[in-house]
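Trainee: Quick one: structure below, then a few questions.
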Amino acid sequence: MCEPLVSGSRSAFRTSFRQGKSMIISVHLAKTAGTSFGNLPEAHFGDRLLRDNADKPMHRPPHERLARAALDNLRFPFRGIDFKRIDCIHGHFLPAKYHVLGLIRHARFITWMRDPVERLVSHYHYVKRRIPDDKVYKIAQRIIDED
């Protein structure tokens, strides 16, 4: 079961993060309710939500994903996105990607955590349902082999 580190209601969420007051940068960790949580900011922020799932950081070696996040952090003003109109970013990326933007917009970085054993079991069943030729299956196998 996923339990928030900081409890609060939806109304508290809405009150705390009114447009212009602060920005939320939400990092989605696999199998930790990020998809379920993603529906809340979508309902609240609408077109002020930026979903960023393009990076797929686990598809790259550690040195490459860190280098890419650092470069993206420096070039965020040149991405063709009006970040003044964005109040929430949610997706699969390294937090370093939005470090400078976070400082400028006084962002709060958040993520959902899960009991490690429950997460492992959930991830195991997720991978078992995949087809061996599937990209996710191959990535999971590579991660297992690294350990």
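Trainee: Taking region 109-128, which residues are under 30 Å from Pro77 (Cβ atoms) and either modelled with pLDDT under 80 or not polar (S, T, N, Q) (or both)? Full working, then the answer.
Mentor: Of region 109-128, the ones under 30 Å from Pro77 (Cβ atoms) are 109-112.
Selection gives Phe109, Ile110, Trp112.
Trainee: Follow-up question, since we're still on this one. Given Ile86, Ile25, which one is more than 12 Å from the chain's Cα centre (by Cα) and at pLDDT 90 or above? Show your work before the answer.
Mentor: On the way: Ile25 fails: more than 12 Å from the chain's Cα centre (by Cα).
Only one candidate qualifies: Ile86.
Trainee: What's the number of the only condition in (1) under 26 Å from Lys138 (Cα atoms); (2) at pLDDT 85 or above; (3) in a helix (DSSP H, G or I) that Met58 fails to meet?
Mentor: Checking Met58 against (1) under 26 Å from Lys138 (Cα atoms); (2) at pLDDT 85 or above; (3) in a helix (DSSP H, G or I), the one that fails is (2).
Trainee: So which of Phe93, Phe109 ends up being in contact with a helix residue (DSSP H, G or I) (Cβ under 7 Å, 6 or more places away or on another chain), surrounded by fewer than 15 Cβ atoms within 10 Å (Cβ to Cβ), assigned by TED's automatic domain parsing to the domain that holds Ala33 and of a type outside the set (Ser, Thr, Tyr)?
Mentor: Among Phe93, Phe109, only Phe109 is in contact with a helix residue (DSSP H, G or I) (Cβ under 7 Å, 6 or more places away or on another chain), surrounded by fewer than 15 Cβ atoms within 10 Å (Cβ to Cβ), assigned by TED's automatic domain parsing to the domain that holds Ala33 and of a type outside the set (Ser, Thr, Tyr).
Trainee: Follow-up. Could you identify the single residue in His106, His99 that is farther than 20 Å from Gly46 by Cβ, assigned to a loop (DSSP other than H, G, I, E, B), of a type outside the set (D, E, K, R) and at pLDDT 90 or above?
Mentor: His106
Trainee: Tell me which of these Glu42 doesn't satisfy, since it passes every other one: (1) in contact (Cβ under 8 Å) with a residue 60 or more places away in the chain; (2) part of a helix (DSSP H, G or I); (3) not hydroxyl-bearing (Ser, Thr, Tyr).
Mentor: (1)
The values are calculated or read from the model by the stated rules, or taken from the named source; none is laboratory data. For clarity, every value in this text was computed on a predicted model and none was experimentally measured. Positions of Cβ are generated from backbone atoms using ideal geometry, with glycine treated the same way; all protein chains shown enter the neighbour counts.
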